[in-house]
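Enquirer: My questions will all concern the structure given below.
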Amino acid sequence: MADNPGDDLERRIKDARARHASPQDTHKNRDDSGAMSSAFRAGTDLVAAVIVGGGLGFWADKVLGTKPLLMILMVFCGFAAGFLNIYRRETGQEFKIGFKNDRASGNDEKEE
Amino acid sequence: MSKGHSPLEQFAIKPIFPLQAGGFDISFTQSALFMILAVVATAALMTLGGKRRAMVPGRWQNVAEMFYEFVYGMAGDALGREARKFFPFIFSVFMIVLMGNLFGMLPYAFTYTSHIVVTGALALMVITVATAVGIAYHGLHFFSLFLPKGLPWMIAPLVILIEVISYLSRPLSLSVRLFANMVAGHTMLKVFAGFSVMMGAVFGMLPLVLNMALIGLELMIAFIQAYVFAILTCLYLKDGVELH
């Protein structure tokens, strides 16, 4: 007679713990979970990089007087940077600039 | 839709005390008012919440401790021992974004995080501080961040260019994400509220119910976006502090 309600409670506690533990603790999905937001993130990352690239090119053109050339080049570099952003994000090496500690999460200490 | 009922009307900046100085419009706007409210609310929450110092915290102390520990844990995860130095900065960024988002959820309130000027300025400040910290810690060696190790020299210029663009695009991406989330959420709420009005008392209940659910979602997004903003601040600082 005793075991049924106790079992139930235990199971529910376990379930609740599992539910609470999963999303927060991993750094993986920090924005929020769904595929929608992941897509949104990728979109902003790509567009931001293209805009920055294009803007830099535009500015450099203005300074150097090479009207469309640098901007065209820099927009392509912006695309590259944008895809690099997305690639880094999706492979979980978020926001690392440079390839230095790609694997094993940076056990090679800094050298100066 | 008639004038004044556009879902974007809520984002208009209206001056409270019009003020001109040196050709610039420096009016005290409702945006500024809510920023001040956010700062006052944060300061009040933290000082009043921390005043009692009870062993068993009361409600306000509990909230204050919760925020503190949440941000401290986040900073500690990213920055390790260095977290203590940057904690005030990270906490301020977190609270100003969170309070902006949460104040925006009140009826008739203005959401200052729905303006890219505000989020952009915040993100620029964050990236400037992170870069300054990197230079302060490592000097000019900091810029080796952009040069991957073991890179053939022939493609180095290209890769450095791409890395620099990638670095500079981060504040833009960060600010756009916060601002777009806020604008989208508040516009959606207003659109559904407009449906409620248009569909009358009976059928109007349907969008109203949906709106209630959306408000819950918006509250969640308010927290998540503040969290994202703060954790990205941590990660940018980490780049500057650690520099492998």
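Enquirer: When you check B:A193 against the structure, is it out of contact with any helix residue (DSSP H, G or I) (no Cβ under 7 Å at 6 or more places or on another chain), modelled with pLDDT of 85 or more and surrounded by fewer than 21 Cβ atoms within 10 Å (Cβ to Cβ), yes or no?
Expert: No.
Enquirer: Further question: So if I check each of B:V117, B:V97, which one is within 21 Å of B:L237 (Cβ to Cβ) and more than 12 Å from chain A (Cβ to nearest Cβ)?
Expert: Matching residue, one of B:V117, B:V97: B:V97.
Enquirer: Inside segment A:57-69, can you point out the residues that are surrounded by fewer than 21 Cβ atoms within 10 Å (Cβ to Cβ) and of a type outside the set (F, W, Y)?
Expert: Quick first cut of segment A:57-69, residues surrounded by fewer than 21 Cβ atoms within 10 Å (Cβ to Cβ) only: A:58-69.
Across segment A:57-69, the qualifying residues are A:A60, A:D61, A:K62, A:V63, A:L64, A:G65, A:T66, A:K67, A:P68, A:L69.
Enquirer: Is there a residue being of a type outside the set (V, I, T), more than 10 Å from every other protein chain (Cβ to nearest Cβ) and assigned to a loop (DSSP other than H, G, I, E, B) anywhere in segment B:127-144?
Expert: No, there is no match, as no residue in segment B:127-144 is of a type outside the set (V, I, T), more than 10 Å from every other protein chain (Cβ to nearest Cβ) and assigned to a loop (DSSP other than H, G, I, E, B).
Enquirer: With a cut-off of at least 3 residues that are within 14 Å of chain B (Cβ to nearest Cβ) and at pLDDT 70 or above, name the helices (runs of 4 or more DSSP H) lying wholly within segment A:3-112.
Expert: A:35-64, A:69-90
The values are calculated or read from the model by the stated rules, or taken from the named source; none is laboratory data. These numbers come from a predicted model, not from an experiment. Please note: Cβ atoms are built from the backbone with ideal geometry, for glycine as well, and neighbour counts cover all protein chains shown.
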